[in-house]
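A short reminder: the numbers here are calculations on the coordinates, not readings from a lab. For clarity, every value in this text was computed on a predicted model and none was experimentally measured. Note: ideal-geometry Cβ built from the backbone for every residue, glycine included; neighbour counts use all protein chains shown.
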């Protein structure tokens, strides 16, 4: 898209910023919508809308229209992110011995989508080229949108079976920003740092001369590592009640973000992608686990929404900042180094998040 439409790295990053702006808006309105619609209905509505908005990406070329589409897709995705997180935390409470694994499995399932996209996008591009399509990148968006709608159909009944939350009980601790200040700050820095890698690492690999086949393999392995992450970090998510998990995972991500900026060695770059995949959505799972450990069930939606808001705000800043830096003399390498620094700061902040005394 960047090449065909003549975008700068700043504008390309701005598209992900638009998506994050949608996440931010969605995170603010999700708690009220969940009270009105119920968690399960909001999850399915968000999934359907996300699929539709992804299809729209394959039908327009105007930058303003694509910007608006990204905002709308971000809002819909926020519904999925938060409602699904609440349901996964609720499922974890039903099976407390496997709570960390179940929460991680929900977010780790994103890896199936990443791996699927790594296979679908090149195939759709090749097919579009064979048919002489003017904008070959549109067919992959259409293929991904259809995949989202099919995945929604698979998701619907299992999600409904988890059930709605029990009525709230007075006298229990409600969510308060001051109680989670360091966790929220660390998660903001995660949103700012990780998205730079996800937005620009493929462009960097192309710039370094990696073949299309290897890039497809890179992204597929990254996605499969995301799926495996739910098992890798499950015990840690169950063990730590404060910000320890968030700190550890931010620190690991900071290290692997730097690697492609320092070397184009294929084994090192692949190691970076696999470890990144095995960690980055476990950071998301760690915040849901933090909320579950420290708040009663009726406050989970407020807590997860607040963390998603901080995350989205970080994503608003990250792609545009990294894109602006990448357009300068340091190129994409310097942009990824800035992303890594943000993640290291997030690790330090998260380490200061303590569990709430009232529940421990």
Does anyone have the angle between helix 212-232 and the longest principal axis of the chain? Alpha-carbon axes, 0 to 90°, nearest 10? 10
Taking the 0 to 90 degree range and rounding to the nearest ten, how far is the long axis of helix 39-57 tilted relative to the main principal axis of the chain, both from C-alpha atoms? 10
How large is the Kirkwood hydrodynamic radius of region 310-354, in angstrom, based on all distinct alpha carbon pairs? 11.3
Relative contact order for region 54-150: what is it in percent, counting Cα pairs under 8 Å that are at least 6 residues apart? 39
Using alpha-carbon pairs under 8 Å, 6+ residues apart, how would you state the relative contact order of the chain in percent? 30
If each residue's Cβ is checked for other Cβ atoms within 10 Å, how do 107, 194 rank with the fewest at the top? 107, 194
How many Å³ per residue does the convex hull of the Cα positions in region 45-135 occupy? 96
Whole angstrom only: what separates the Cα centroid of region 123-157 from the Cα centroid of region 226-294? 29
Note to self: Kirkwood Rh of the chain, Cα pairs, one decimal, Å, is 20.4
extent check for region 226-360: Cα max minus min per principal axis, descending, whole Å, gives 51, 29, 23
Taking other Cβ within 10 Å of each residue's Cβ, how do 130, 333, 298 sort, fewest first? 130, 298, 333
Between the helical axis of 300-326 and the dominant principal axis of the chain, each derived from Cα atoms, what acute angle in degrees is found, rounded to the nearest 10? 20
Assertion target for 150, 237, 120, ordered by fewest C-beta neighbours within 10 angstrom first, is 150, 120, 237
